[in-house]
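**Q** Have a look at this one before I ask anything.
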Amino acid sequence: MPGAARQLKLFADTERPGDSPGFSVRESGRAKRLSIKVYPRGRVEVVVPSKTRARDVQSFVDEHRDWIERTRASFAEKHPPEPFALPHCVDLAAIGRRYRVAYRRRKGAVAVRFRRHGDLLVLTGRTSEEAQCIAALKRWLAAVAKEEFEPWLRALSARTGDSFKRMQVRGQKTCWGSHSSTGTISINYCLLFLEPALVRYLMIHELCHARHMNHSRGFWRAVGLHEPDYERLDRELGESWSKIPIWLCFN
């Protein structure tokens, strides 16, 4: 899917500090109608066809406002709010590794840098600033994802016969991955927190978009050739946002 073409805040009159962030609008060249998806921690995404007028988006959201709030409330019961805290241990299930995290404040520093020593990740600099620490942790995750996922994706590409031009790592809030019309596959570094089978499925899913830039029957047949259990994995992947640690959802 194309990346987020534009992000708009919705329901600005009801959002309060501390609310689950992110009412976003994403344009999709493959979307034929407007749709809404609510994620476990309350984030709402509206997917719209290209060139949809802003007032039409607003009308659509207003029409479904009660459903959105009911769905958010239902998720809140299943996933109670978690207190925010910087991590001292990070488990990356996708690659079977656990890292300890140490924070070392450096007087006069204006940023936070990371360095990995075996299974120890050290953040140094202005570590009293939580936002700076989270930004450094995200840069580290992106580096790990690039290192680990690209060989994996290329191996699957050779096996399936579906090619791509390049892979990029992103930290999308509502999308696990995408395959652009120019041949770029975007992989979400949040996949590092999921089981390997889900990562493999996501990669196969995106690779199959090389021949089918849609979710037609032909596309799902292609996916099924390489992953017969795709229906279960697709459902599980869609429900996996709650597995992402709360600190990674900060900002």
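**Q** Looking only at residues in segment 79-97 that are modelled with pLDDT under 85, of a type outside the set (Phe, Trp, Tyr) and under 20 Å from the mean Cα position of the chain (by Cα), which one is nearest to Ser242 (Cα to Cα)?
**A** First pass over segment 79-97, keeping only residues modelled with pLDDT under 85: 79-84.
Narrowing the set further to residues that are of a type outside the set (Phe, Trp, Tyr) leaves 79-83.
Filter again for under 20 Å from the mean Cα position of the chain (by Cα), leaving 79, 81-82.
On the way: His79: 8, Pro81: 11, Glu82: 11 Å.
For segment 79-97, the residue satisfying everything is His79.
**Q** With the requirement that a residue be closer than 21 Å to His212 by Cβ and either surrounded by fewer than 19 Cβ atoms within 10 Å (Cβ to Cβ) or aromatic (Phe, Trp, Tyr) (or both), what does segment 181-195 give you?
**A** Hits for segment 181-195 are Ser181, Thr182, Gly183, Thr184.
**Q** For segment 114-153, give me the residue count where each residue is part of a loop (DSSP other than H, G, I, E, B) and of a type in the set (S, T, N, Q). Steps first, answer last, please.
**A** Taking segment 114-153 first, the residues part of a loop (DSSP other than H, G, I, E, B) are 118-119, 126-129.
Of the ones still in play, those that are also of a type in the set (S, T, N, Q) are 127-128.
Selection size over segment 114-153: 2.
**Q** Give Glu227, Glu150 a once-over and let me know the one that is out of contact with any strand residue (DSSP E or B) (no Cβ under 7 Å at 6 or more places or on another chain) and either assigned by TED's automatic domain parsing to the domain that holds Val47 or modelled with pLDDT of 95 or more (or both).
**A** Values: Glu150 fails: out of contact with any strand residue (DSSP E or B) (no Cβ under 7 Å at 6 or more places or on another chain).
Of the residues listed, the single one that is out of contact with any strand residue (DSSP E or B) (no Cβ under 7 Å at 6 or more places or on another chain) and either assigned by TED's automatic domain parsing to the domain that holds Val47 or modelled with pLDDT of 95 or more (or both) is Glu227.
**Q** Let me ask something additional. Please state which of the following conditions Ser128 fails to meet, knowing it meets all the rest: (1) within 30 Å of Val44 (Cβ to Cβ); (2) more than 20 Å from the chain's Cα centre (by Cα).
**A** The single condition Ser128 does not satisfy is (1).
**Q** Step by step: first the residues of segment 196-251, then only those that are polar (S, T, N, Q) and part of a helix (DSSP H, G or I), then the one that is nearest to Glu130 (Cα to Cα). Which residue is that? Before you say what the answer is, go through the steps one by one.
**A** Keep residues of segment 196-251 that are polar (S, T, N, Q), which gives 214, 216, 240, 242, 251.
When the remaining residues are screened for being part of a helix (DSSP H, G or I), the result is 240, 242.
Working: Ser240: 25, Ser242: 21 Å.
Here the answer is Ser242.
**Q** Next up: I'm told Cys175 meets every condition in (1) more than 29 Å from Phe219 (Cβ to Cβ); (2) of a type outside the set (Phe, Trp, Tyr); (3) assigned to a loop (DSSP other than H, G, I, E, B) except one. Can you identify the failing condition by its number?
**A** (1)
**Q** Still on this structure, I have one more. Out of all the residues in segment 37-61, which are within 27 Å of Phe84 (Cβ to Cβ) and touching a strand residue (DSSP E or B) at 6+ places or on another chain (Cβ under 9 Å)?
**A** Here is the first cut: in segment 37-61, the residues within 27 Å of Phe84 (Cβ to Cβ) are 37-46.
Those that are within 27 Å of Phe84 (Cβ to Cβ) and touching a strand residue (DSSP E or B) at 6+ places or on another chain (Cβ under 9 Å): Lys37, Val38, Tyr39, Arg43, Val44, Glu45, Val46.
**Q** Let me ask you something else. Can you tell me which residues in segment 197-222 are touching a Gly at 6+ places or on another chain (Cβ under 8 Å) and either at pLDDT 95 or above or buried (at least 24 other Cβ atoms within 10 Å of the Cβ) (or both)?
**A** Leu202, Met203, His205, Glu206 - these are the residues of segment 197-222 that are touching a Gly at 6+ places or on another chain (Cβ under 8 Å) and either at pLDDT 95 or above or buried (at least 24 other Cβ atoms within 10 Å of the Cβ) (or both).
The values are calculated or read from the model by the stated rules, or taken from the named source; none is laboratory data. Just so we're clear, the structure is a prediction, and the values are computed from it rather than from any experiment. No Cβ is skipped: glycine too gets one built from the backbone with ideal geometry, and neighbour counts run over all protein chains shown.
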